[in-house]
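To start, the structure itself, in structure tokens.
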Amino acid sequence: MDKCLVLFVEGDTEVEFYKHVIANARQKRESRKFDINIECKNVKGVGGFKSIALRKFVKEIRPRYGGKCEFSIALCRDTDGILSFLRLPQKTKISGGNGYEKLKKLFKLANKMYYKGMKSNGMVERLNIDKILQHIYTELEPLYRELGVYGDEKKRGDRYEFK
């Protein structure tokens, strides 16, 4: 039975970010190939994230593979990251009728403007994923492990080294 990894993300920038992370993981494999099928699906917002992800999985992804695939599913939400970026307390109440309204209110609380659908304009391609990985290892480690990358990393001080 084949293995399939499905990543559900909130927006266009996250799709680009996770494509970059997956490319980084591919470079860490000796064969530069994965033995797993990978799908990265944009649920287009934070409102109704879980129900939209479930619907996309049931109606779009699972039928494409039939019964030939063992699925691992990751819901990649960055609400904590947004609060951190805006320098708002992690206990900040997130309210609004939909994802757009929620984000707009959070940005307003931080005295910033939110622009819906703003693209990363090449920012993601310039990110140093290895450097990011050093800071959020525990968050990305399950993804890298599922991709068959980890297993022999060693903690050296405050950094991880990979073979």
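Under 5 Å from the amide H of residue 73 lie the amide H atoms of 6, each residue being 5 or more positions distant or on a separate chain, with H modelled from the backbone and absent for Pro and chain starts.
Using a Gaussian network model of the chain in which every pair of alpha carbons under 10 angstrom is joined by a spring, one finds that among 96, 67, 45 the greatest mean-square fluctuation is at 67. Taking the chain as a whole, the Cys residues whose C-beta sits 4.7 Å or farther from every other Cys C-beta are 40, 76.
Treating r as the C-beta distance of residue 139 and residue 71 and R0 as 25 Å, the FRET efficiency rounds to 0.75.
As a rough footprinting exposure proxy, the listed residues 106, 75, 5 were ranked by other beta carbons within 10 Å of their own, and the order from fewest upward is 75, 5, 106. Relative to the Cα centre, the charge distribution of segment 14-147, modelled as +1 at Lys and Arg Cβ and -1 at Asp and Glu Cβ, gives a dipole magnitude of about 560 debye.
Here's how it looks for residue 3: its modeled amide H is under 5 Å from those of 37, 70, which are all 5 or more places away or on a different chain.
When shorter helices are ignored and each DSSP H run of at least 4 residues is given -39500 (n - 2.57), the per-residue value for the chain at 222 nm works out to -11000 deg cm²/dmol.
Bear in mind that the values in this text are calculations on the coordinates, not laboratory data. Just so it is clear, the structure is predicted and the values come from calculations on it, not from any experiment. All Cβ positions, even for glycine, are placed from backbone atoms using ideal geometry, and neighbour counts span all protein chains on display.
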